[in-house]
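*Asks:* Can you read through this structure? Questions will come right after.
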Amino acid sequence: MRFMRKAAFAAVLSCAVIWSSCGDTYRPIAYPNITPSPDPSTTDYVVVANNNATGPSSATIIDVSGGTNMAERRLGVGVQQLFFDASLNIFAPDPGSDAISVTTIGTVNGQQDSVQTRLLDQGSHPISLSPINYSSFLSTYIVDTGFVSPCSSSGSVRQFDLSSHVAISHNICVGPSPVYSVLSQDQSQLFVLDNDGHVYVMNTKSETTDLANPITVGSNPVYARLSLDGKYLYVLNSGSASISVIDTAFTNATTAVIATVPTGGSSPSYMTIDRQYQRLYVTNTGSNSVSMFDVTNSANVVPIQTGIPVGSAPNSLAVLKDGSKVYVSNSASNVVSVIDAVSKDASLGYRVVKSVSVGANLSDSSTRVNWVAASNDGSRVFAATTVNGDLKNATSIIDTNTDTLATDSKTGTPIFVSAPLQCDPSLGDTCTCDPKSQQCPLMRPVFVLNRVSTYDNSTATSN
């Protein structure tokens, strides 16, 4: 389907971050035994999105300290990723239902609390959102992969007022196969990555895109992040295994890319920025490695160490807040690799110092790690896992002090949060499998976000 990201992460699409090719690798969300909700303004949490093979997707809000479900939210069809805005509202593009789901962290009270659906044009298939920081109302730029008028042969962008349910702008044509978008720090430009090897730039003031002069980057761009100062956009090219550095203040598209830096591995799928040490980390899915770059001078992406060996098919990573360790999900195994980012070995340099097996059943060889995210305080890392048959999909929790599985204080057993049922009779679903008498298939997760204190479309979180 055109609206699903092609794998390079995941999904992200090779296997790209988040996307859904590459052997249909999915990422799990945690399941509801919903506990009384603590005050969300003082609680640290992660939010996991789960794609449902048979119906509505879901998002689960997990309390970091207890590893329990604060709430479960039902979303639309085909959700692949989630986005925060400055007020910690959660946005989910629903490409399978041509809609956007909007919910909030602020009122965590129950199963379907505060989920609102905004229907879009039929056939629009939204895949990426860029929420806008307006103080008076909720608005977002939406990137659609479907062909909607007047864009008969390309994707499109439009601004949508989520409060009044109306489009603020007309559909603005971009490239033929958009995969991701990033809003500039001053909100004057929307950068739309396209699978055709270009970045199309929309001027948000004039609401125009120079279709004839997109920025040429590498082959199969899958992901992008703004530099910490917002002056540059780092574009990750999976096909050419490179990072294109774009000057966001460019005046000519032909000179917008100021540098192209090899990732030092093959089929890169995801990257993140560590604010503490001002480093850029990249997962090289095809070569089973992670590369580390210095971005202290944001215009210069300087290799520190490339090709650090990790597990099989790494597709995401999370850096602790203090920059001390990097946790890598290996999508072809049940292992999370832990890289010591402070102490170097005399011969190996920065390297993996521990491999942590995760999953609801540690003896199940079919377990695969699909995504990782660190809590904001750095005390825990959440690893979303799936197994063959979807009966044991779950999110494991790693204690970063010991780099072992977090355990229940009373029983001493590892803590994990089961993914929700694909079909749940207690929610009014008509199901062929009765969970009261048999094991039933669970949802498959696709993305994990940690809580952010301020919204930034590209650099707010190190996950």
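*Asks:* Given P126, P131, which one is within 19 Å of the chain's Cα centre (by Cα) and modelled with pLDDT of 85 or more?
*Replies:* Working: P131 fails: modelled with pLDDT of 85 or more.
Just a single option satisfies the conditions, and that option is P126.
*Asks:* Find the residue count for the stretch 406-442, including only residues that are closer than 22 Å to S316 by Cα and touching a Ser or Thr at 6+ places or on another chain (Cβ under 6 Å).
*Replies:* Within the stretch 406-442, residues that are closer than 22 Å to S316 by Cα and touching a Ser or Thr at 6+ places or on another chain (Cβ under 6 Å) number 2.
*Asks:* Scan T248, T272 and give me the residue that is in the same structural domain as S329 (by TED's automatic domain parsing) and within 24 Å of the chain's Cα centre (by Cα).
*Replies:* Of the residues listed, the single one that is in the same structural domain as S329 (by TED's automatic domain parsing) and within 24 Å of the chain's Cα centre (by Cα) is T272.
*Asks:* Also, I was wondering about something else. (1) surrounded by 18 or more Cβ atoms within 10 Å (Cβ to Cβ); (2) modelled with pLDDT of 90 or more; (3) within 20 Å of A92 (Cβ to Cβ): which one isn't true of N457, the others all being true?
*Replies:* With respect to (1) surrounded by 18 or more Cβ atoms within 10 Å (Cβ to Cβ); (2) modelled with pLDDT of 90 or more; (3) within 20 Å of A92 (Cβ to Cβ), N457 is out only on (2).
*Asks:* Checking the structure you have, find out if any residue of the stretch 330-351 is touching a helix residue (DSSP H, G or I) at 6+ places or on another chain (Cβ under 6 Å), farther than 18 Å from I397 by Cβ, in a strand (DSSP E or B) and assigned by TED's automatic domain parsing to the domain that holds D403. Show your work before the answer.
*Replies:* Keep residues of the stretch 330-351 that are touching a helix residue (DSSP H, G or I) at 6+ places or on another chain (Cβ under 6 Å), which gives none.
For the stretch 330-351, residues touching a helix residue (DSSP H, G or I) at 6+ places or on another chain (Cβ under 6 Å), farther than 18 Å from I397 by Cβ, in a strand (DSSP E or B) and assigned by TED's automatic domain parsing to the domain that holds D403: absent.
*Asks:* Please specify each residue of the stretch 60-73 satisfying the condition of being farther than 15 Å from A373 by Cα and not β-branched (V, I, T).
*Replies:* If we filter the stretch 60-73 for residues that are farther than 15 Å from A373 by Cα, which is where we start, we get 66, 68-73.
Selection gives G66, N69, M70, A71, E72, R73.
*Asks:* Go through A313, A384 for me and flag whichever is under 18 Å from the mean Cα position of the chain (by Cα) and at pLDDT 95 or above.
*Replies:* A313
*Asks:* Considering S409, S396, which residue is small (G, A, S) and outside any loop (DSSP other than H, G, I, E, B)?
*Replies:* Values: S409 fails: outside any loop (DSSP other than H, G, I, E, B).
After applying the criteria, what remains is S396.
*Asks:* Follow-up question, since we're still on this one. Read through the list (1) assigned by TED's automatic domain parsing to the domain that holds L183; (2) within 25 Å of L449 (Cβ to Cβ), then give the number of the only condition that R279 fails.
*Replies:* (1)
*Asks:* Something else: Being of a type in the set (S, T, N, Q), touching a strand residue (DSSP E or B) at 6+ places or on another chain (Cβ under 6 Å) and not in a loop (DSSP other than H, G, I, E, B) is the filter here, so list the residues in the stretch 279-326 that pass it. So that I can check it myself, show each step before the final result.
*Replies:* First, pick out the residues of the stretch 279-326 that are of a type in the set (S, T, N, Q): 283-285, 287-289, 291, 296-298, 300, 305-306, 312, 315-316, 324.
From the residues that got through so far, the ones that are touching a strand residue (DSSP E or B) at 6+ places or on another chain (Cβ under 6 Å) too are 283-285, 289, 291, 298, 305-306, 312, 315-316.
The answer is T283, N284, T285, S289, S291, Q305, T306, N315, S316.
*Asks:* Please specify each residue of the stretch 430-454 satisfying the condition of being within 19 Å of A49 (Cβ to Cβ) and at pLDDT 90 or above.
*Replies:* Applying the first criterion (within 19 Å of A49 (Cβ to Cβ)) to the stretch 430-454 yields 441-452.
Result: P441, L442, M443.
*Asks:* Filter the stretch 86-121 down to residues that are of a type in the set (D, E, K, R) and under 23 Å from A384 (Cβ atoms) and give me whichever is modelled with the highest pLDDT. Walk me through how you get there before you give the answer.
*Replies:* Let us first name the residues in the stretch 86-121 that are of a type in the set (D, E, K, R), namely 94, 98, 113, 118, 121.
Cutting the leftovers down to under 23 Å from A384 (Cβ atoms) gives us 94, 113.
Values: D94: 87, D113: 53.
In this case the residue turns out to be D94.
*Asks:* Moving to a separate point now. Restricting to the stretch 137-147, name every residue that is under 20 Å from T117 (Cβ atoms), assigned to a loop (DSSP other than H, G, I, E, B) and modelled with pLDDT of 90 or more. So that I can check it myself, show each step before the final result.
*Replies:* Pass one, the stretch 137-147, residues under 20 Å from T117 (Cβ atoms): 137-146.
Subsequent filtering for residues that are assigned to a loop (DSSP other than H, G, I, E, B) retains 137-138, 145-146.
Correct list: T145, G146.
*Asks:* Quick check, is I258 surrounded by fewer than 17 Cβ atoms within 10 Å (Cβ to Cβ), in the same structural domain as D196 (by TED's automatic domain parsing) and of a type in the set (A, V, I, L, M)?
*Replies:* So I258 passes the test.
The values are calculated or read from the model by the stated rules, or taken from the named source; none is laboratory data. Please read all numbers here as calculations on a predicted model, not as lab measurements. With ideal geometry, Cβ positions are generated from the backbone for all residues, glycine too; neighbour counts draw on all protein chains shown.
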